[in-house]
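This report concerns only the one structure given below.
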Amino acid sequence: MGYRLSKITTRTGDQGTTGLASGTRVRKDSPRILAAGAVDELNSWIGLVLAQAGDTDVRGCLSAAQQALFEVGAELSLPGTSRIKEEHVLALEQALAEFNARLEPLREFILPGGSPAAASCHVARTVCRRAESQIVALRSLEPAAGSFLIPYLNRLSDLLFVIARVLNRQSGTQETLWSNARVARMAPKRE
């Protein structure tokens, strides 16, 4: 196999455009490129989680998600293709069920945070939600764009939430529950 990227500095984007895999040049602020950028950012955050996570099940699951996110990027880069399939979504649903079985049921909302790995996973979850919403925006302009991209990212954000909980549990870090009563205590007293 030849080199995919033999030259990193091309200067072809200096005027605010970038090339899709089809050869088409588009503005760097187009909905397609914003969605692809959010997917790339998500993949980077998952890489940070992987750098901190010790659990081999978590590592295997998130490594597979990183590979699939490259397929998401490929689908965004080549309009009209479909790289993410129903089996990708089903694999996330299975992983969700398996990781969720390790946890106590939630009785209240939890605040993002905890161990460094879990906190990074929560950031990845929020970036995943942004990527999902940007693909929704893209689909409003191009209805045929990615039929399984939105369900895939929706399940992935759920999985990242559950994995953050698993990582906190494994590290012995207590989750911080949201408490409406705390808001009342923080409010200044009226005289």
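The values are calculated or read from the model by the stated rules, or taken from the named source; none is laboratory data. Here the structure is a predicted model, which means the values were calculated and not measured. In this analysis, Cβ positions are derived from the backbone assuming ideal geometry, glycine residues included, and neighbour counts consider all displayed protein chains.
Numerical summary
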item	result
Residue among Ala21, Ala38 that is outside any helix (DSSP H, G or I), hydrophobic (A, V, I, L, M, F, W, C) and either surrounded by 13 or more Cβ atoms within 10 Å (Cβ to Cβ) or in contact (Cβ under 8 Å) with a residue 60 or more places away in the chain (or both)	Ala21
Positions within region 136-183 being hydrophobic (A, V, I, L, M, F, W, C), over 18 Å from the mean Cα position of the chain (by Cα) and either crowded, with 17+ Cβ neighbours inside 10 Å or modelled with pLDDT under 85 (or both), in sequence order	Ala144, Ala145, Leu177, Ala181, Val183
Output for region 125-154, where each listed residue is under 19 Å from Ser30 (Cβ atoms) and free of Cβ contacts under 8 Å to residues at least 60 places away in the same chain	Glu132, Ser133, Val136, Arg139, Ser140, Pro143, Ile150
Region 68-109, subset within 21 Å of Trp178 (Cβ to Cβ) and either at pLDDT 95 or above or out of contact with any strand residue (DSSP E or B) (no Cβ under 6 Å at 6 or more places or on another chain) (or both), residue surrounded by the most Cβ atoms within 10 Å (Cβ to Cβ)	Asn100
Criterion: of a type in the set (D, E, K, R) and under 17 Å from Ala65 (Cα atoms) - qualifying residue of Glu104, Glu132	Glu132
Evaluation of Ala101 against (1) closer than 21 Å to Leu62 by Cα; (2) touching a residue at least 24 places away in the same chain (Cβ under 8 Å) (one fails), failing number	(2)
Gly54 vs. criteria at pLDDT 95 or above and under 30 Å from Ser171 (Cβ atoms)	no
Among (1) surrounded by 14 or more Cβ atoms within 10 Å (Cβ to Cβ); (2) touching a residue at least 60 places away in the same chain (Cβ under 8 Å) - the single one Pro112 does not satisfy	(2)
